[in-house]
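Below is one structure, written out as structure tokens; comments come after it.
The values are calculated or read from the model by the stated rules, or taken from the named source; none is laboratory data. The model shown is predicted, which means the values in this text are computed figures rather than measured ones. Heads up, the Cβs are rebuilt from the backbone with ideal geometry, glycines too, and the neighbour counts pull from every protein chain shown.
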Amino acid sequence: MDIRTPELFSRGPSPLARLVFYCALAIACIVVDYRFHRLDAFRKALSVVIYPFQEAANLPSLLADTVRQAIESPQALQAENDQLRQKLLQQADAAQQLRTAKSELNTLRALVGLRQEQPEAHALAEIVGMAHTPFVQKVVISSGQNGGIQPGAPVISAEGLVGQVTAVNLFNSEVTLITDKNQALPVMIVRNGLRAIAFGNGETGTFSLPYVPIASDVQAGDLVVTSGIDGLYPPGLSVGQIKSVERDASSAFAKIQCVPTGAVLNHRYVLVLGVPPRPPGGELPNLDEQTSDKGVSPTAKAPRKLKKP
């Protein structure tokens with residue numbers, strides 16, 4: 001009968017002895033590698049050998065990360081897309097406000113320059129209201145009796161004449177635009193000095209020169225300015241540009257349509273000029289209703305008959 005101890009239960013060095021041996025071996029390897037760099041080739045070879053095992057060990061975590069990204073990626077992209085869209089809208093709003101502020105700044109600079117050029121300039125005002133019907137061409141400005149505004153004062157923008165103050169309240173004023181059908185002002189064509197009377201058409205963006213003879217030298221594109229002969233509007237203010245000229249042989253006058261240059265729909269600020277003083281001789285006579293000393297129009301007198309020889 002064999003009474004030898006099975007190899008499974010064979011006794012060898014104790015665990016403590018083994019621990020001491022392996023620790024000593026590790027320390028010796030560290031010292032040799034640090035002092036003499038003898039283990040570099042071995043380390044490289046060992047890294048090549050164990051690389052597949054490292055990748056295999058990392059495969060479960062990589063697979064889990066891939067699955068998690070596949071689940072979370074659409075939600076993250078949607079959230080990021082929403083954030084970017086919100087930032088884009090905010091930046092678009094800021095850009096629009098910046099453009100508006102820049103436009104208003106340029107307008108104010110131009111109006112300040114006009115105020116220095118016009119000795120009768122009075123005050124800057126903001127347009128705070130407009131008529132809600134297309135048949136009334138009027139606006140409300142934020143200056144009235146408290147700002148020294150007087151009825152009849154011309155109102156201009158950076159581009160040209162806007163209208164005339166027709167009503168003054170304590171804190172605001174009403175301005176009738178030159179396109180209103182009740183407005184008329186003397187004008188002059190810059191190219192040839194031809195004088196005419198401009199009348200509003202009662203609609204936004206147009207006025208006309210109705211009493212210009214058909215044979216007059218008037219062309220589309222001619223600039224129209226104030227003539228200044230009425231004593232109210234300073235001469236040389238830009239009023240508009242001739243858009244079209246129609247000549248009909250059946251009429252003695254040409255049909256001339258113009259576009260105003262002082263568009264109030266594009267600006268918020270205007271310049272109110274002062275009312276010029278009356279001429280030394282008082283009010284100018286009304287040439288349309290001029291009468292003789294006896295109150296009878298000179299054209300109504302009977303012509304004197306000539307005696308036959």
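Gly236 meets the stated requirement of being at pLDDT below 90 and assigned by TED's automatic domain parsing to the domain that holds Thr166.
Listed here are the residues, each with its yes/no results for (1) in contact with a Phe, Trp or Tyr (Cβ under 9 Å, 6 or more places away or on another chain); (2) assigned to a loop (DSSP other than H, G, I, E, B); (3) over 30 Å from Ser143 (Cβ atoms); (4) not assigned by TED's automatic domain parsing to the domain that holds Val139.
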{"residue": "Val162", "(1), (2), (3), (4)": "no, no, no, no"}
{"residue": "Ala167", "(1), (2), (3), (4)": "no, no, no, no"}
{"residue": "Thr176", "(1), (2), (3), (4)": "no, no, no, no"}
{"residue": "Met188", "(1), (2), (3), (4)": "no, no, no, no"}
{"residue": "Asn192", "(1), (2), (3), (4)": "no, yes, yes, no"}
{"residue": "Pro210", "(1), (2), (3), (4)": "yes, yes, yes, no"}
{"residue": "Asp217", "(1), (2), (3), (4)": "no, yes, yes, no"}
{"residue": "Lys243", "(1), (2), (3), (4)": "no, no, yes, no"}
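Yes/no matrix, rows are residues, columns are (1) aromatic (Phe, Trp, Tyr); (2) closer than 28 Å to Gln241 by Cβ; (3) at pLDDT 80 or above:
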residue: Ala76; (1), (2), (3): no, no, no
residue: Gln91; (1), (2), (3): no, no, no
residue: Arg109; (1), (2), (3): no, yes, no
residue: Val140; (1), (2), (3): no, yes, yes
residue: Gln145; (1), (2), (3): no, no, yes
residue: Ile149; (1), (2), (3): no, no, yes
residue: Val155; (1), (2), (3): no, yes, yes
residue: Ser173; (1), (2), (3): no, yes, yes
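Which of the following residues is charged (D, E, K, R) and exposed (fewer than 13 other Cβ atoms within 10 Å of the Cβ): Asp222, Asp248, Asp180, Asp230? Of Asp222, Asp248, Asp180, Asp230, the one residue that is charged (D, E, K, R) and exposed (fewer than 13 other Cβ atoms within 10 Å of the Cβ) is Asp248. Among the residues of region 224-231, is there at least one that is without any contact (Cβ under 8 Å) to a residue 40 or more places away in the chain, assigned to a loop (DSSP other than H, G, I, E, B) and under 31 Å from the mean Cα position of the chain (by Cα)? No, there is no match, as no residue in region 224-231 is without any contact (Cβ under 8 Å) to a residue 40 or more places away in the chain, assigned to a loop (DSSP other than H, G, I, E, B) and under 31 Å from the mean Cα position of the chain (by Cα).
Residue by residue, here is whether (1) at pLDDT below 90; (2) among the small types (Gly, Ala, Ser); (3) farther than 30 Å from Glu126 by Cβ holds:
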{"residue": "Pro186", "(1), (2), (3)": "no, no, no"}
{"residue": "Asn201", "(1), (2), (3)": "yes, no, no"}
{"residue": "Gln219", "(1), (2), (3)": "no, no, yes"}
{"residue": "Ala252", "(1), (2), (3)": "no, yes, yes"}
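Kindly provide the set of residues from region 194-208 that are β-branched (Val, Ile, Thr), closer than 16 Å to Ala254 by Cβ and in a loop (DSSP other than H, G, I, E, B), ordered by number. Correct list: Thr206 only. Of everything in region 219-231, what is touching a Leu at 6+ places or on another chain (Cβ under 8 Å) and farther than 12 Å from Met188 by Cβ? Give them in sequence order. Within region 219-231, just Gly231 meets the criteria.
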